[in-house]
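Worksheet for the structure shown next.
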Amino acid sequence: MKEIGHWIDGKMVAGTSGRFTEVLNPATGEVIAKVALATTAELDAAVAAAAKAQPDWAATNPQRRARVMMKFGDLINAHMDELAELVSREHGKVLADGRGDVQRGLEVIEVCMGAPALMKGEYTGDAGPGIDLYSMRQPLGVVAGITPFNFPAMIPLWKMGPALVAGNAMILKPSERCPSTSLRLAELAKEAGLPDGVLQVVNGDKEAVDAILDNETIQAVGFVGSTPIAQYIYGRACSNGKRAQCFGGAKNHMIIMPDADMDKAADALVGAGFGAAGERCMAISVAVPVGKGTAEALVERLIPKIEKLKVGPYTGGADIDFGPVITAQAKARIEGLIDSGVAAGAKLVVDGRGLKIQGYEGGFYVGPTLFDEVTPEMEIYKQEIFGPVLSVVRQESYEDALKLIIDNDYGNGTAIFTADGDTARDFAARVNVGMVGINFPIPVPLSYYTFGGWKKSAFGDLNQYGPDALRFYTKTKTVTARWFSGIKDGVALNFKALD
Ligand code: NAD
């Protein structure tokens, strides 16, 4: 059995805890490796080594740090297919989507190549007589990234790029379900010129995470995962005096107005609802058609498109639309939620339960599922299903549809399909969700903007990647400097304006 350890001080090391968890290939259900789960002592040792390496890295001029990002980007590109395969083997998503996972992370590394320009401070000459005022952004020291299973390349790259280019050392704790991509990325970062110890990949579960939260050297924690864990991590990190940004789960709605292009809206919903088996924090899981006619026209178009979807292993060729969900437990939970929707009276239009793929009977497959006439009291509406299940919640008016979204606990992404610019503008202005699509179903901002939800989809301040991430991983120092031949006024005890 292959044993996966940690990446410490520029090399792979075996875990010493004696504790492991299985890494599965969700397409077959086979155990493909076991990954070591770090103890607090192992985590603390990795942090101590990172703290030793960080000052030299911080003292490396910003352009040289950016050049490491350039080389890293080249290497990620050169190893695109290999990385995509690593993603798909442990996650289950199809290879084209595995490449997308790597690509959207690479784009953040590309922005990090220009980080010196984004990290410049401010300067005011002659802010007072002989007085200059300037600010600088300095790295925090050792920071941590804790990432989920569903984007094994993209989210670790969102964390490591900005943190490292800003001059920090990083402890990355990837999901124990998909650990291999982060380890390979760490090897490539070393090949790109990243000094040993500056990036430590520590595998583990709750013990390693709690050790991160309680370690006094770690200054900041960037977390991505489910909402209950995000809230827990935010609370514990903050109470230990750390900076924390914790991104959580989602329930993303798409409004379909009567004037929308129904074919395009249906295509968009199928892609956004079922791509990656619905295991995306920006998946659309709730379609909100406005008016009975819109609902009928939409569902009528959705059914044949959904029934045509092909589910299978990532090795099954380019015509497979999406793969399995992550574990047998995830499959059982999703199918249980579908049962609960039926019991609660929702209309099950396409049933994905009990799907078996010939030759892959052990895989964790759930077929695409469509519910109509879902209401907000039902569990299938309230919970983030994180599977290939799309719910249609019919509404009478635009105001009702908007209110449904505003009242939802989550606020990651949302979309509206309409031909009316005024409605679209109103929606973008009034909806309390962090990322909004107009005739665009998955509005993940490009890497020179920033990514973040509102309400229970994010705890803390500042978004991921882009300028916000560089702010999150640096602190501001402001210097007031006076240069003249001696202080002539004697001691000043009052708090003076710089006049
Ligand atoms: P998860 O919360 O189970 O795990 C995320 C990380 O937290 C992992 O590294 C895991 O080891 C750790 N963890 C799990 N349980 C823990 C505990 N009790 N104590 C401490 N640490 C713990 O999430 P997941 O299942 O890996 O990922 C799916 C979730 O992530 C979904 O809810 C999805 O919406 C969300 N997500 C959010 C975003 C975003 O940017 N908002 C992006 C991707 C995924």
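The values are calculated or read from the model by the stated rules, or taken from the named source; none is laboratory data. This structure is a prediction, so every number in the text was calculated from the model and none was measured. When we count neighbours, we look across all protein chains shown, and the Cβ atoms used for this are built from the backbone with ideal geometry, even at glycine. Quick note on the areas: whole protein, heavy atoms, side chains included, nothing else; ligands and nucleic acids left out. Shrake-Rupley method; radii C 1.70, N 1.55, O 1.52, S 1.80 Å.
Annotations for the structure displayed:
- Qualifying position, being touching a helix residue (DSSP H, G or I) at 6+ places or on another chain (Cβ under 8 Å) and more than 16 Å from the ligand (Cβ to nearest atom), among Gly141, Gly130: Gly141
- Residues of the range 190-213 classified as more than 12 Å from the ligand (Cβ to nearest atom) and assigned to a helix (DSSP H, G or I), total: 2
- In this entry, Glu384 passes the filter for residues that are within 30 Å of Pro324 (Cβ to Cβ) and either modelled with pLDDT of 95 or more or away from the ligand (no atom under 16 Å from the Cβ) (or both).
- Candidate set from the range 148-160 (those that are touching a Leu at 6+ places or on another chain (Cβ under 9 Å) and open to solvent by less than 10 Å² (accessible area, probe 1.4 Å)); member that is farthest from the ligand (Cβ to nearest atom): Met160
- Identity of the residue in the range 380-427, part of a loop (DSSP other than H, G, I, E, B) and hydroxyl-bearing (Ser, Thr, Tyr), that ends up nearest to Gly293 (Cα to Cα): Ser397
- Test: residue in the range 391-403 that is assigned by TED's automatic domain parsing to the domain that holds Leu309 and within 25 Å of the chain's Cα centre (by Cα): yes
- Residue match in the range 304-313 (condition: assigned to a helix (DSSP H, G or I) and either in contact (Cβ under 8 Å) with a residue 40 or more places away in the chain or within 16 Å of the ligand (Cβ to nearest atom) (or both)): yes
- Some residue of the range 441-461 being closer than 21 Å to Gly291 by Cα, part of a loop (DSSP other than H, G, I, E, B) and not hydroxyl-bearing (Ser, Thr, Tyr): yes
- Of the residues making up the range 116-133, those that are under 34 Å from the mean Cα position of the chain (by Cα) and open to solvent by 30 Å² or more (accessible area, probe 1.4 Å) number 6.
- The residues of the range 273-306 that are under 17 Å from the mean Cα position of the chain (by Cα) and over 17 Å from Phe417 (Cα atoms), listed by number, are Gly275, Ala276, Ala277, Gly278, Glu279, Arg280, Cys281.
- Criterion (under 30 Å from Ala401 (Cβ atoms), in contact (Cβ under 8 Å) with a residue 40 or more places away in the chain and among the small types (Gly, Ala, Ser)) met by exactly one of Ala211, Ala250: Ala250
- Pairs where the first residue, in the range 218-234, is closer than 13 Å to Ala144 by Cβ and the second is open to solvent by 80 Å² or more (accessible area, probe 1.4 Å), C-beta under 6 Å, 6+ apart: Ala220/Arg243
- Subset of the range 37-77 (residues that are among the aliphatic types (A, V, I, L, M) and open to solvent by 30 Å² or more (accessible area, probe 1.4 Å)): Ala41, Ala45, Ala48, Ala51, Ala58, Ala59, Met70
- Residue satisfying all of: in the range 214-233; part of a strand (DSSP E or B) and more than 14 Å from the chain's Cα centre (by Cα); nearest to the ligand (Cβ to nearest atom) among these: Ile218
- Test: residue in the range 20-32 that is in a helix (DSSP H, G or I) and free of Cβ contacts under 8 Å to residues at least 24 places away in the same chain: no
- Residue list for the range 100-150, filter: of a type in the set (Asp, Glu) and in contact (Cβ under 8 Å) with a residue 12 or more places away in the chain: Asp101, Glu107, Glu110, Glu122, Asp132
- Scanning the range 245-284 for residues that are closer than 28 Å to Leu462 by Cβ and part of a loop (DSSP other than H, G, I, E, B) yields a total of 9.
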